[in-house]
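Okay, structure first, notes after.
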Amino acid sequence: MLLKDLNWLDPRTFAFINKLEQFPKDSLNTICKLADLDKEIIAIELKQFAYEDIEVKPTEQIKCDKCTKCLQCALILLQELSCQSNLFCNLFTLYKFVLLLPSTQTTCERVFSKLKIIKTKLRSSLHQEHLNPLLLMSIEKDILIDSDELIDTIANSSSELKTLLI
């Protein structure tokens, strides 16, 4: 839903927005909720902004060598307009919010990388005597085993495991 909402902010969709009587009911809900902005005000400002179809004038601030119809150019234009008057204040806030959203999954990848390091460390430190309780837990799932007691038992068998588990 977030990507559908972000599509409405793309300047390439402004021609389509101009043809609309009103936005679909489920559009802009997610992004407005995340940015804590009123959906109706955003819809009105976006429709007005799309209708104006103001071309971005090449100034010193604009360093987009690809086009004048991208999200960054729209943000710069909104910034210039909102500085001159109170036009499109909420829309400017929404564009700033959208451009600050993380677009990669590096945090997730970092977590899995750390998990892999921990898993490798545990594999190298586990010996047969430590594997027996874990094997019992895995095989005999229907037997009620106190996991805290098991962790304490495993931790007390080695000083390294004690620092890792407790």
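Listing for the model above:
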| quantity | calculated |
| --- | --- |
| Entries in K4/K119; K33/K119; K47/K96; K4/K116; K4/K96; K33/K114 that, when Cα-Cα distance is taken, lie over 27 Å | K4/K119; K33/K119; K4/K116; K33/K114 |
| About the Cα centre, charge dipole magnitude for the stretch 121-165 (Lys/Arg +1, Asp/Glu -1 at Cβ), debye | 320 |
| Two-site label geometry, E160 and A15: point separation in nm, points 7 Å out along Cα→Cβ | 6.6 |
| Order of D5, D148 - criterion: other Cβ atoms within 10 Å of each residue's Cβ, fewest first | D148, D5 |
| For the stretch 24-31, 3J(HN,Hα) per residue [Karplus equation, 6.51 cos²θ - 1.76 cosθ + 1.60, θ = phi - 60°, Hz, x = Gly/Pro] | x, 4, 8, 7, 6, 5, 5, 5 |
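Readers should treat all values here as calculations from the given coordinates under stated rules, not as data from a laboratory. None of the values given here were measured: they were computed from a predicted structure. Backbone-built Cβ (ideal geometry, glycine too); neighbour counts: all protein chains shown.
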